[in-house]
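Structure first, then comments.
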Amino acid sequence: MSLVGQPAPLFSAPAVFGPDGTIRDVELARYRGRWVVLFFYPHDFTFVCPTEIVALSRRLDAFEALDARILGVSTDSPYVHRAWIRTPEEDGGLGPVRFPLVSDWTHAVSRAYGVYYPAEGAALRGLFVIDPEGVVQYEVVHNLNVGRSVDEVLRVLQALQTEGLCPADWAPGEPLLSAT
């Protein structure tokens, strides 16, 4: 069942912050008033996941310029998250990540967003754009083997922020459709 148009399920969970790997709770409710890009990925220390996380981290400034924050979520423990960011990229790690990695080790968050995949004990690749009022405006969920496009996430975020009618392949700066 889609969450689009519904209040985003609230959660509080441990997360890893910054290059030093500080662990503290993150609460989705504290992000009210800002756009949130909440993405789920299956596991730390895998193949496709680090490509997405590193790409999003490198483009964080573009998201912040749109008043958006990014939260990454997997079912791994916060200690595994910390080990992953402390491991250099050339050794299979992430290196520093510029947004929190949330630990959904109870699987409650993945279940609430409808992305829990019991066969793997992990989350599918789900991505949700939540508006400043806490309503899910966009979601995409797909299988484990294909990474997401950061450019597409930015394009969708910008389209949603226009509050207008955006045609297929719309790009920022292009005209919106008229309802008349």
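Structure notes:
- Among the residues of region 18-57, those that are assigned to a strand (DSSP E or B) and surrounded by fewer than 19 Cβ atoms within 10 Å (Cβ to Cβ) comprise 22, 23, 24, 25, 27.
- When region 112-149 is filtered for residues that are at negative phi, surrounded by fewer than 14 Cβ atoms within 10 Å (Cβ to Cβ) and without any contact (Cβ under 8 Å) to a residue 60 or more places away in the chain, the ones remaining, listed by number, are 118, 119, 142, 143, 149.
- Count - residues of region 8-17 that are assigned to a strand (DSSP E or B) and touching a residue at least 60 places away in the same chain (Cβ under 8 Å): 5
- Applying a threshold of 7 Å to beta carbon distances and a minimum spacing of six or more residues, or different chains, the list of pairs starting in region 165-180 at a residue that is closer than 18 Å to residue 137 by Cβ and ending at one that is hydroxyl-bearing (Ser, Thr, Tyr) reads 176/162.
- Meets criteria (small (Gly, Ala, Ser) and under 15 Å from residue 127 (Cα atoms)) for residue 83: no
- At least 3 residues being out of contact with any Ser or Thr (no Cβ under 7 Å at 6 or more places or on another chain) is the threshold, and among the strands (runs of 3 or more DSSP E) wholly inside region 65-180 those reaching it are 68-74, 125-130, 136-142.
Every read-out reported here was derived from the displayed coordinates using simple, explicitly stated rules and does not represent laboratory data. What you are looking at is a predicted structure, and each value in this text was computed from that prediction instead of being measured. Reconstructed Cβ throughout: ideal geometry from the backbone, glycine too, with neighbour counts over all protein chains shown.
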